[in-house]
1. State the number of residues belonging to region 26-41 that are within 10 Å of the chain's Cα centre (by Cα), of a type in the set (Gly, Ala, Ser) and part of a helix (DSSP H, G or I).
2. Any residue in region 48-62 that's farther than 16 Å from Ala129 by Cα: show its pairings with residues that are charged (D, E, K, R) and surrounded by fewer than 23 Cβ atoms within 10 Å (Cβ to Cβ) at Cβ separation under 6 Å, as long as the two are six or more apart or on different chains.
3. Just to be sure, is Ala72 in contact (Cβ under 8 Å) with a residue 12 or more places away in the chain, of a type outside the set (S, T, N, Q), touching a Lys or Arg at 6+ places or on another chain (Cβ under 8 Å) and not assigned by TED's automatic domain parsing to the domain that holds Ile256?
4. Which one is nearest to Gly266 (Cα to Cα), of the residues in region 407-431 that are at pLDDT below 90 and surrounded by fewer than 19 Cβ atoms within 10 Å (Cβ to Cβ)?
5. Please go through region 76-110 and pick out each residue that is out of contact with any Leu (no Cβ under 9 Å at 6 or more places or on another chain) and polar (S, T, N, Q).
6. Does Met187 qualify as being of a type in the set (A, V, I, L, M), at pLDDT below 75 and not assigned by TED's automatic domain parsing to the domain that holds Phe250?
7. Restricting to region 9-25, count the residues that are at pLDDT 85 or above and either among the polar types (S, T, N, Q) or part of a loop (DSSP other than H, G, I, E, B) (or both).
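The values are calculated or read from the model by the stated rules, or taken from the named source; none is laboratory data. All values derive from a computational prediction rather than experimental measurement. Reconstructed Cβ throughout: ideal geometry from the backbone, glycine too, with neighbour counts over all protein chains shown.
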Amino acid sequence: MAGQRFGDVWSYVRGSYLITAGYNGAMARETISGAACVAEPATYVVGAALALAALALWTRGRAPRGVAVVRAAGMAAILFIVFKLSFVRHDKHGVTAPFTAAAIALVLAPAMWGGLRRGGKAVLCAAIAVGFFAAAQAVALRQNYMPEHMRGASGRIASNFAAARRLATDGERGLSKSYRGARKTTMSENPLPWVEGSVDIYPYNQGVVIAYGMKYAPRPVFQSYSAYLPELAELNAAHLRGMEAPGTLFFNVATIDERFPAMDDGLSWPEILTRYDLQAKEGKFLVFKRAEAARSFSLVEKTRLEAAFGEWVELPEEARGGPVWAKVAVRPTGFNRVAAIFYKVPWVNMTVRTKSGEEKTYRLVTAIAANGFLLSPVVEDAAAFARLATKDWDALGEAGVEAVRFSVNDGDAMRYYEAQIGMELFGLDYPAQAQ
């Protein structure tokens with residue numbers, strides 16, 4: 001129905017696995033501070049345990065042991081997935097767990113109540129009570145977010161009902177009018193030139209090219225912040241080398257979670273610099289056209305260094321004065337791997353000191369860092385990327401990195417990562433584009 005080939009199912013499954021496998025290391029987040037960051041998931045775990053106990057008491061004597069085990073395992077798997085969904089990225093996503101647990105308890109209660117003895121009913125009531133307490137706790141912890149969110153949700157529901165009513169009375173005219181208005185707003189906020197042929201947009205903002213009605217030809221991982229494993233980043237880079245590469249790129253530098261900018265599709269940056277020609281800057285986007293003949297780039301090894309958490313590492317003179325490509329190997333401990341399965345682990349930060357003397361801390365996606373990224377100069381916006389393309393070192397010189405320091409956002413680094421961090425530095429050489 002969507003025009004996809006049945007033979008691509010395996011690619012879809014593999015891609016979904018990679019997105020899931022890398023989520024913890026790249027997307028973990030903690031915006032709930034203090035004791036609440038522990039209390040909220042702990043409350044959910046207590047509620048989930050009570051719900052599983054109630055299910056076990058209800059199933060006992062009503063089904064064969066194997067069936068009972070399958071039911072319990074299925075419920076436990078659902079509750080565990082909800083736990084990871086809510087608390088690996090512990091921000092607004094944290095509301096998912098308590099409301100899901102409360103909903104599950106309420107749905108199961110009518111079916112289970114009659115089959116439970118007095119003790120089982122008490123356990124079920126406790127599960128429901130803890131679920132509602134957890135939901136109230138989630139709202140209280142997000143009081144600056146939740147009221148707006150709830151108003152937004154009610155507004156969207158009201159808008160959907162209004163749209164359904166207009167569809168019933170006016171046919172598609174009302175919806176078409178709303179759609180045209182939304183497109184007009186999107187285009188006015190994101191001015192782009194109309195281009196023929198296929199286009200892609202970096203790092204996200206896919207709705208912009210869709211609003212313009214251009215021929216959107218997305219890369220395999222179409223939001224750059226999700227290309228957080230080497231395999232995913234390579235899929236996108238290979239796409240630019242292939243026959244289905246888009247004719248035009250609308251390019252901006254932006255990221256999430258205070259990541260180092262080159263973490264997001266950084267492996268594609270040399271491909272863009274050598275396979276596309278910079279044409280113009282429109283609004284916040286650079287416009288690149290596919291070159292008639294691809295140029296080449298090369299990595300020239302400069303040096304290898306060893307770093308330790310909390311200590312500054314000065315880049316040698318041979319690794320300054322031009323684009324520096326780095327491979328940074330931060331190795332997880334066995335404890336890290338186990339903890340990541342059941343919950344999440346502290347993430348690695350990288351503080352850079354530039355030629356200007358400014359120090360700034362960014363999040364490092366360790367899987368991408370090991371595969372390679374542009375360390376220097378620090379490119380934080382589209383204008384800086386344009387200067388990178390034209391090799392305007394006079395403008396970029398102050399953004400050159402002179403020293404780096406690694407740390408973790410929370411806890412003991414040595415518990416989660418090996419003490420030594422390996423660094424390989426390369427000079428990135430490519431032809432300059434015309435200014």
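1. Looking only at that region, the number is 1.
2. Thr59/Arg71
3. When the stated conditions are applied, Ala72 does not pass them.
4. Checking each candidate, the answer is Asn409.
5. Result: Ser86, single match.
6. Against the criterion (of a type in the set (A, V, I, L, M), at pLDDT below 75 and not assigned by TED's automatic domain parsing to the domain that holds Phe250), Met187 does not qualify.
7. 3
Yes/no per residue for (1) of a type in the set (Phe, Trp, Tyr); (2) over 30 Å from Lys121 (Cβ atoms); (3) free of Cβ contacts under 8 Å to residues at least 24 places away in the same chain:
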| site | (1), (2), (3) |
| --- | --- |
| Tyr23 | yes, yes, no |
| Pro41 | no, no, no |
| His90 | no, yes, no |
| Ala105 | no, no, no |
